[in-house]
Amino acid sequence: MSIDFDEVSVGDKLPEWSRRTGFAEWNRYAAVNEEFVPFHMDDEAGRRAGNEQGAFGMGNLRYAYIVNALHDWLGDDGIVREVGCQYRAINQKNDVLTVVGEVIEKTVVDGENRVRIDINVMNQDGGRTCPGHAVVVLPSGRP
Amino acid sequence: MAGDDPGSTQTTELEDILRMRNDALTYVTEEMRAAQGQWGGTRTAPPITETDIRRWAMATYYPKQPPRIYWDADYAATTHWGGIVAPPDFNPFAWPVERARGGSPGLTGRRSDGKPLTGMNGGQTDTYGVPMRPGDVVSARSRLVDWWEREGRLGHTLYVRTEIEWRNQDDEIVRRRMSISIRY
């Protein structure tokens, strides 16, 4: 099941989706994406790369969190059509990352019910680490 | 017209000098110019398995349980997808036995002190077509689209935009990525 296009309004907020991130999350992501970059795995390597606090998280994992937040809001029958974002701040160890989003447009294109969403990944200090957007497709008029 | 009065002629000369200075420091290589717009060779990933998808979803949802659509075939058969699908961000190209040689042409530039450029992921926009499913074989090709340079917080910085297209075994578009890489 998924939410219905007719139930969505411009201005609606996505349910917040959060994870505390550190080596437990980064190492699992490195394992599936084969992303064993030293500055994601080792504090010394992180410092050598210019981050005084040590190792830091992958941009790709933040991207995954955006996709997951969209999926969990849409339900299994929704379709993620487009996701774009920019990596603006470093994901430090023990950051609590929260995906936030707001519906900014509803359109019907090529027979698809499309919803455009402004997206960001906030850290616990209110830092907007990953501004972006998404376009999702929803069913409509179901009983 | 630039030469219509002395004032604008001076401006033009100044602009020329600035342009020459800017031209003197560039991270754009001949290889990049030659490669612009040209699709590179096709890479093909091994067939996607249910285990690949389950592990991906478990890693990106950790420590919570991922949705059943990513690991429960009986449940997934009841959805409109008709079976397990991969999360849109799933990467079937992880863990190649033989890694493709040579990086993107954007990677080869050097700083004026001779050191290789430092690279960062500047972000991307992905457009998704059909979902990836167990058994799918995905192929990728990419091309340099364009680039621009500016003086930034990290000094002289090159931004390179690359398009990466994924298709499945039925030649259906799976994903089209416009990616920005940063070199400084």
Check: Would it be correct to say that A:GLY46 is in contact (Cβ under 8 Å) with a residue 40 or more places away in the chain and in contact with a strand residue (DSSP E or B) (Cβ under 9 Å, 6 or more places away or on another chain)?
Finding: no
Note to self: As an exercise: evaluate A:VAL37 against (1) open to solvent by less than 10 Å² (accessible area, probe 1.4 Å); (2) within 12 Å of chain B (Cβ to nearest Cβ); (3) among the hydrophobic types (A, V, I, L, M, F, W, C) and give the number of the one condition it does not meet.
What the structure shows: (1)
Margin query: Is it the case, given these coordinates, that A:VAL10 is within 12 Å of chain B (Cβ to nearest Cβ) and either of a type in the set (Gly, Ala, Ser) or open to solvent by 40 Å² or more (accessible area, probe 1.4 Å) (or both)?
Written below: no
Next item on the list: State all residues of region B:130-154 that are open to solvent by 30 Å² or more (accessible area, probe 1.4 Å), within 14 Å of chain A (Cβ to nearest Cβ) and not basic (Lys, Arg); if no residue qualifies, say none.
Entry: B:VAL130, B:PRO131, B:GLY152, B:LEU154
Item checked: Unique match (being in contact with a helix residue (DSSP H, G or I) (Cβ under 8 Å, 6 or more places away or on another chain), touching a residue at least 40 places away in the same chain (Cβ under 8 Å), farther than 30 Å from A:GLU7 by Cα and at the interface with chain B (Cβ under 8 Å from one of its Cβ atoms)) among A:TYR87, A:TYR29, A:TYR65 -> A:TYR87
Notebook entry, point to check: Any idea which residue in region A:110-138 is farthest from B:ASP89 (Cα to Cα), counting only those that are free of Cβ contacts under 8 Å to residues at least 12 places away in the same chain and either among the acidic types (Asp, Glu) or touching a Phe, Trp or Tyr at 6+ places or on another chain (Cβ under 7 Å) (or both)?
Noted result: A:ASP125
Notebook entry, point to check: Right, B:ALA73: modelled with pLDDT of 95 or more and either touching an Asp or Glu at 6+ places or on another chain (Cβ under 7 Å) or away from chain A (no Cβ under 13 Å) (or both) or not?
Noted result: yes
Next item on the list: Identify the residue in region B:16-54 that is farther than 30 Å from B:GLU98 by Cα and surrounded by 12 or more Cβ atoms within 10 Å (Cβ to Cβ) and, among all such residues, is modelled with the highest pLDDT.
Entry: B:THR26
Item checked: Unique residue being surrounded by 16 or more Cβ atoms within 10 Å (Cβ to Cβ) and either out of contact with any Cys (no Cβ under 7 Å at 6 or more places or on another chain) or among the β-branched types (Val, Ile, Thr) (or both) when the list is A:ASP125, A:ASP118, A:ASP76 -> A:ASP76
Next item on the list: Look at A:THR98 and say whether it is of a type in the set (Ser, Thr, Tyr) and in contact (Cβ under 8 Å) with a residue 60 or more places away in the chain.
Entry: yes
Check: Would you pick out the residues in region A:93-112 that are out of contact with any strand residue (DSSP E or B) (no Cβ under 6 Å at 6 or more places or on another chain) and open to solvent by less than 30 Å² (accessible area, probe 1.4 Å)?
Finding: A:ASP95
Next item on the list: Only residues that are at pLDDT 80 or above and either open to solvent by less than 20 Å² (accessible area, probe 1.4 Å) or assigned to a strand (DSSP E or B) (or both): list them for region B:88-115, please.
Entry: B:ASP89, B:PHE90, B:PRO92, B:ALA94
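The values are calculated or read from the model by the stated rules, or taken from the named source; none is laboratory data. This structure is a prediction, so every number in the text was calculated from the model and none was measured. Cβ: placed from backbone, ideal geometry, glycine included. Neighbour counts: every protein chain shown. What goes into the accessible areas is simple: the full protein's heavy atoms, side chains included, and nothing from ligands, DNA or RNA. Shrake-Rupley method; radii C 1.70, N 1.55, O 1.52, S 1.80 Å.
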